[in-house]
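Worksheet: the structure to be examined is printed underneath.
Just so it is clear, none of the values below were taken in a lab; they were calculated from the coordinates. Since the model is a prediction, treat every value here as computed from it, not as a measurement. Every residue, glycine as well, gets a Cβ built from its backbone with ideal geometry; the counts of neighbours run over all protein chains shown.
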Amino acid sequence: TITNVFGSRIAEFVGGYGTNVLEPTKEMKLQVFELTRDATLAQIFAGFKKDLNQLYLSQNQIVSFIVHHRKWLRDDEYCTSFLFKANEKFFVAQTFCRADRRWVSVVELDDAVIRSAKNQDWFVVPKI
C-alpha cells in the first residue's frame, strides 16, 4: 500500500487537496523524463508543449504508480514529480526516497523555486 511505501506523511497528499484518491481512473501509458535544464515547475511542464489538462495525473494514478513502479522513483535524495489538479488548481507532488525514509511534498505549480538540472529530477507525465 501507499502507506507502506511512504508512511504517514502521505496523508497530506492523499487527503489534503479536496480530491478523492479512491476514485477509479482510466489506465494510461506514462513516460518519465529527466530534467536537463534549470527551470521552474511551470517552465518544466510548459516545455512539453501540451495543455496542462493533458499532462496531469489523478491522485489515484499517482498512488498506483508509486506503489507498482518503485524502480521509477529516484532513490538518491532527488525527486520524482507528478502534476495533479485539485479544485481547478495545479499542484506538483514530489516524491523523495532515501535509505532511511521516504516522503512526499506538494507544491503549487506556480512555485517560483528554480529546479537545478544537476539534480537530474524525474517528471512523470502521460505518454504524449
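Electrostatic tally near Ile128: other residues with Cβ closer than 13 Å to its Cβ, Lys and Arg +1, Asp and Glu -1, net +3. Cross-linked pairs Lys29/Lys89; Lys50/Lys89; Lys26/Lys71; Lys50/Lys71; Lys71/Lys127: Cα-Cα separations exceed 20 Å for Lys29/Lys89; Lys26/Lys71; Lys50/Lys71.
Within region 25-84, the trypsin sites (Lys or Arg not before Pro) that combine a DSSP coil assignment with at most 15 other C-beta atoms in a 10 angstrom radius are Lys26, Lys29, Arg37, Lys49, Lys50. Under a 5 Å amide H cut-off, with hydrogens placed 1.01 Å from N, Ala86 pairs with Phe91 among residues at least 5 apart or on other chains. Annotation for region 93-127: trypsin sites (Lys or Arg not before Pro) lying in DSSP loop with at most 16 further Cβ atoms inside 10 Å of their Cβ are Arg98, Arg101, Lys127.
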